[in-house]
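Trainee: Quick one: this structure, given as structure tokens, is what I'll be asking you about.
The values are calculated or read from the model by the stated rules, or taken from the named source; none is laboratory data. Remember, it's a predicted structure, so these values are computed and weren't measured experimentally. Neighbour counts are summed over all protein chains in view; Cβ atoms, including those assigned to glycine, are modelled from backbone coordinates with ideal geometry. Keep in mind that these areas ignore ligands, DNA and RNA; they rest on the heavy atoms of the full protein, side chains included. Shrake-Rupley method; radii C 1.70, N 1.55, O 1.52, S 1.80 Å.
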Amino acid sequence: MRIDQPDETARAAYRAGALALIITVGVILAALAFEHIGGYAPCPLCLQQRYAYYIGVPFLFIALVFVSAGQRYPAGLIFLFVSLAFLANSVLGVYHAGAEWGFWPGPDSCAGAQELTTSAGGLLQSL
């Protein structure tokens, strides 16, 4: 094998990291599109769940640069850091979903804590 050619492990790490970056960018862009185009106002928990994405996108890019440069150790540490950030984010997501679905109480600012009404009189009173 020539020195200038990456080995299969590096190529697999680059493909996996690039896929993670593409998915991460797609998810945060979709959330922002729902917010701005659809007119959905996110609650504070929704905004907190985006932190992992805002952190993950640049760090995944940096990790891909390290993989391209053949620097496996720093790339691996960054991938581990991003993985832990998304693991913590998934715990927050489970809590948020449970609060939205009424499984447990959530913060007062969460949409799950608000009473939804379907009658016209109830809708007018809530305005």
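Trainee: I'd like the residue in region 3-14 that is assigned to a loop (DSSP other than H, G, I, E, B) and either open to solvent by 100 Å² or more (accessible area, probe 1.4 Å) or under 21 Å from PRO58 (Cβ atoms) (or both) and, out of all such residues, is modelled with the highest pLDDT. Explain how you work it out, then say what you get.
Mentor: Step one: filter region 3-14 for residues assigned to a loop (DSSP other than H, G, I, E, B), giving 3-7.
Subset that is either open to solvent by 100 Å² or more (accessible area, probe 1.4 Å) or under 21 Å from PRO58 (Cβ atoms) (or both): 3-4.
Working: ILE3: 49, ASP4: 55.
Within region 3-14, the match that is modelled with the highest pLDDT is ASP4.
Trainee: Considering only region 69-107, state which residues are more than 15 Å from TYR53 (Cα to Cα), of a type outside the set (Gly, Ala, Ser) and open to solvent by less than 60 Å² (accessible area, probe 1.4 Å).
Mentor: Kept after step one, since they are more than 15 Å from TYR53 (Cα to Cα), are these residues of region 69-107: 69-77, 94-107.
Restricting the remaining residues to those that are of a type outside the set (Gly, Ala, Ser) gives 71-74, 77, 94-96, 100-101, 103-105, 107.
Of everything in region 69-107, those that are more than 15 Å from TYR53 (Cα to Cα), of a type outside the set (Gly, Ala, Ser) and open to solvent by less than 60 Å² (accessible area, probe 1.4 Å) turn out to be PRO74, HIS96, PRO107.
Trainee: Sticking with this structure for a sec: Is it the case that region 15-37 has a residue that's over 22 Å from CYS110 (Cα atoms), part of a helix (DSSP H, G or I) and more than 17 Å from the chain's Cα centre (by Cα)? Give the derivation first.
Mentor: The first filter runs over region 15-37 and keeps only residues over 22 Å from CYS110 (Cα atoms), leaving 15-26.
When the remaining residues are screened for being part of a helix (DSSP H, G or I), the result is 15-26.
In the following step, the residues that additionally are more than 17 Å from the chain's Cα centre (by Cα) were identified as 15.
Among the residues of region 15-37, at least one is over 22 Å from CYS110 (Cα atoms), part of a helix (DSSP H, G or I) and more than 17 Å from the chain's Cα centre (by Cα), which makes the answer yes.
Trainee: Would you mind stating whether LEU123 is modelled with pLDDT of 90 or more and hydrophobic (A, V, I, L, M, F, W, C)? Steps first, please.
Mentor: Working: modelled with pLDDT of 90 or more: no; hydrophobic (A, V, I, L, M, F, W, C): yes.
Here the answer is no, as LEU123 does not meet what is asked.
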